[in-house]
Amino acid sequence: MPPIAPPAQPPPLIRTGRPEKVMLGEVLVQQRIITAEQLQHALDLRRSTGKMLGSLLIQCGFITEEQLANALARQLNIPFVNLKTFPFRVDVVRLLPESAARRFRALVLEDKGSTLLVALADPLDLFAFDALSRLLKRAISIAAVPESQLATAFDRLYRRTEEISGLARELEKDIGDAVDFGELSASVGIEGAPVVRLLQSLFEDAMQVGASDVHIEPQETGLQIRVRVDGVLQIQTTADKRIGAALSQRLKLMAGLDISEKRLPQDGRFSVRLKDETIDVRISTLPTASGESTVMRLLTQGKGMRSLGSLGMPEPMLKRFRELLARSAGLILVTGPTGSGKTTTLYAALTEVNAAELKVITVEDPIEYRLPNITQVQINEKIDLTFARVLRSTLRQDPDVILVGEMRDAETAEIGLRAAITGHMVLSSLHTRDAISTPFRLLDMGVPPFMTATSLQAVVAQRLVRLNCAECAAPHEPTAQEQAWLSAVSESDAPVPCMQSYGCSACNGTGYNGRQGVYEMLEMDTVLTQAASRADPAAFVRAARTRMKGLTLAHHALELVRAGRTSLPEAMRVGFDVDEQDEHL
């Protein structure tokens, strides 16, 4: 592991032993980071509020966390560490238990043999220094770090893997001691049972790393638990496959599902409270050869709602999309595969049209976000409350705007198109590969060509790309295959600057941090409408490709590559060449 570089001026020597007691305010004034007047103002606030001086200086905007940590590092002759790029070793970090790390705001960075290098949010905290020395039973040296980076590092490094594995083993023993199925069923309903604590830890770990889904998958040789972060599955833990039944039973109880039914798929939802946040959990069970597979989608209430302007649509497309939403009638479809952000885009569109003078009704399965001033209807197939049935009733509710969560069959699509013809603005989603193929997907479902041609106003196709980690992004030289893709999409031999991240502590070694949508939009005009009404794919594709030249998913992904936002492999994954778009028609 490379040594930590101390501040350049003046050249310090890393000192071990107890830090000196220094006056923070005087240090900052001497280093000309703040003025004497600013210090006096903060001291006055401290007397009236009792808050820490450093926190008050940051709160007042006189200094930043980084300036504060750097100033203390220079004064105490200790290193300043940027935790975003530091190459952590989990075994070294966990020399200090999580409870103590969070209590003393400390993190073990390096094991130097005779000493441990420990990052402290407050290097002047002598009590924390003495307590850490006793806990670690080693001599320690101190490094200064920004406090907000510490909080992020705690959540990233103290994953609950060991706790989850331990609870899984405890549950295995609990199941092994169970006399019969009835005893096991009783135990999974007890709040303090290992199965309950295991699920609680699973949810907390998933939220800690920003996971969107939790997969509990029975395999032939064991049970695998994975979480999806930034669209990619990561293994959380593996366990004895016997605990899968207990987990499935408990989750069914929470969702109000039939715990005795293991032969048929079931869907449900429930809410859990974690760290002052309410999490909506959508659960789906599927019988497999090795047992019931359970997948949970996690949705944080109050989060996830985005405005159209924050989605990342190209500005010209965003402007035109807003103009289309302002129309009084027509059908606008958002398309893409599962998990491509269609629902987020539809809800963002709803926030644009949600006004006091409009009646807005949504028909969804399930309702993912609760919206004010909107009538939302939950589909329930068990009582024959289907999309088609609700849509028919919806039209008698005098709506101005209707959102149909998904056009799953010909009947639903046809009713939605009729609503668009008869003076309603209809928003919906559909599973298609791109915008050009969407009208023919409707025809394939059995919708009459004239209805598609006269109702459809525009199609927005989208994907999600992972964004480069800003902390470890570096210039990247395209391979021959990547260069061929660049040349095909950019239609130019001019070099395209590329960045790619190779993994650091800030991104858990993945090289990516967060996701953004890439979009294309096909707006129907006279030529396209005539081709669609004749069900003439060849003419439609020729006209559509002319209109979308330079405006496809691939071109938007390429713009993100040029801007250094994403990598070439990510862009190539979602942005296929436009020449491929008619192969499946």
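The values are calculated or read from the model by the stated rules, or taken from the named source; none is laboratory data. Only a predicted model underlies this, so the values are computations on that prediction, with no experimental measurement involved. Every residue, glycine as well, gets a Cβ built from its backbone with ideal geometry; the counts of neighbours run over all protein chains shown. To get the accessible areas, we keep the full protein, side chains included, count just its heavy atoms, and leave off ligands, DNA and RNA. Shrake-Rupley method; radii C 1.70, N 1.55, O 1.52, S 1.80 Å.
Structure notes:
- Checking each residue in region 272-292 for being in a strand (DSSP E or B) and of a type in the set (A, V, I, L, M, F, W, C) picks out 272, 274, 279, 281, 283, 286.
- Residue ID - nearest to residue 222 (Cα to Cα), chosen from residues in region 237-267 that are open to solvent by less than 20 Å² (accessible area, probe 1.4 Å) and among the hydroxyl-bearing types (Ser, Thr, Tyr): 237
- When residue 297 is tested against (1) open to solvent by 20 Å² or more (accessible area, probe 1.4 Å); (2) over 23 Å from the mean Cα position of the chain (by Cα), just one condition goes unmet, and that condition is (2).
- Per-region count, region 276-325, residues among the small types (Gly, Ala, Ser) and farther than 25 Å from residue 465 by Cα: 5
- Residues that are under 20 Å from residue 73 (Cβ atoms), in contact with a Ser or Thr (Cβ under 8 Å, 6 or more places away or on another chain) and open to solvent by 10 Å² or more (accessible area, probe 1.4 Å), drawn from region 135-149: 139
- Residues in region 345-370 that are farther than 18 Å from residue 424 by Cβ and in contact (Cβ under 8 Å) with a residue 60 or more places away in the chain were compared, and the one that is surrounded by the fewest Cβ atoms within 10 Å (Cβ to Cβ) is 370.
- Contact map, region 263-284: residues that are farther than 11 Å from residue 297 by Cα paired with residues that are hydrophobic (A, V, I, L, M, F, W, C) and surrounded by fewer than 17 Cβ atoms within 10 Å (Cβ to Cβ), Cβ distance under 6 Å, separation 6+ or inter-chain. Pairs shown: 265/286.
- Counted residues, region 78-95 - those being open to solvent by less than 50 Å² (accessible area, probe 1.4 Å) and touching a residue at least 60 places away in the same chain (Cβ under 8 Å): 8
- Residue match in region 564-576 (condition: within 30 Å of residue 158 (Cβ to Cβ) and touching a Gly at 6+ places or on another chain (Cβ under 8 Å)): yes
- Note on region 34-48: among residues that are in contact with a helix residue (DSSP H, G or I) (Cβ under 6 Å, 6 or more places away or on another chain) and among the aliphatic types (A, V, I, L, M), the one that is surrounded by the fewest Cβ atoms within 10 Å (Cβ to Cβ) is 36.
- Filter result (β-branched (Val, Ile, Thr), part of a loop (DSSP other than H, G, I, E, B) and surrounded by 15 or more Cβ atoms within 10 Å (Cβ to Cβ)) within region 469-511: 496, 510
- Residues being acidic (Asp, Glu) and closer than 14 Å to residue 144 by Cβ - total across region 65-120: 2
- Scanning region 194-236 for residues that are open to solvent by less than 40 Å² (accessible area, probe 1.4 Å) and of a type in the set (Ser, Thr, Tyr), we see that the one that is nearest to residue 463 (Cα to Cα) is 212.
- Screening 338, 294 for residues that are among the β-branched types (Val, Ile, Thr) and over 28 Å from residue 436 (Cα atoms) leaves exactly one candidate, 294.
- Qualifying residue in region 84-91 (condition: at pLDDT 80 or above, part of a helix (DSSP H, G or I) and among the basic types (Lys, Arg)): no
- Residues (in contact (Cβ under 8 Å) with a residue 24 or more places away in the chain and surrounded by fewer than 16 Cβ atoms within 10 Å (Cβ to Cβ)) located in region 113-134: 114, 126, 130, 131
- Scanning region 513-525 for residues that are farther than 12 Å from residue 456 by Cβ and modelled with pLDDT of 90 or more returns 515, 516, 517, 518, 519, 520, 521.
Residue-wise test of (1) within 31 Å of the chain's Cα centre (by Cα); (2) hydrophobic (A, V, I, L, M, F, W, C); (3) crowded, with 16+ Cβ neighbours inside 10 Å; (4) farther than 19 Å from residue 342 by Cα.
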position	(1), (2), (3), (4)
381	yes, no, no, yes
387	yes, yes, yes, no
403	yes, yes, yes, no
415	no, yes, yes, yes
423	no, no, no, yes
426	yes, yes, yes, no
432	yes, no, yes, no
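- Cβ-Cβ distances below 7 Å connect the following pairs, each with a first residue in region 204-227 that is within 19 Å of residue 275 (Cβ to Cβ), a second residue that is of a type in the set (Gly, Ala, Ser), and a separation of six or more residues or different chains: 214/206; 227/206; 227/211.
- Taking region 393-439 as the range and being in contact with a helix residue (DSSP H, G or I) (Cβ under 7 Å, 6 or more places away or on another chain), among the β-branched types (Val, Ile, Thr) and within 11 Å of residue 456 (Cα to Cα) as the test, the residues that pass are 421, 426.
- The residues in region 295-347 that are in contact with a strand residue (DSSP E or B) (Cβ under 9 Å, 6 or more places away or on another chain), closer than 21 Å to residue 365 by Cβ and not charged (D, E, K, R) can be counted, and the count is 21.
- Tally of residues being open to solvent by 60 Å² or more (accessible area, probe 1.4 Å) and of a type in the set (Ser, Thr, Tyr) across region 512-570: 2
- Some residue of region 573-585 being modelled with pLDDT under 90, surrounded by fewer than 17 Cβ atoms within 10 Å (Cβ to Cβ) and of a type in the set (A, V, I, L, M): yes
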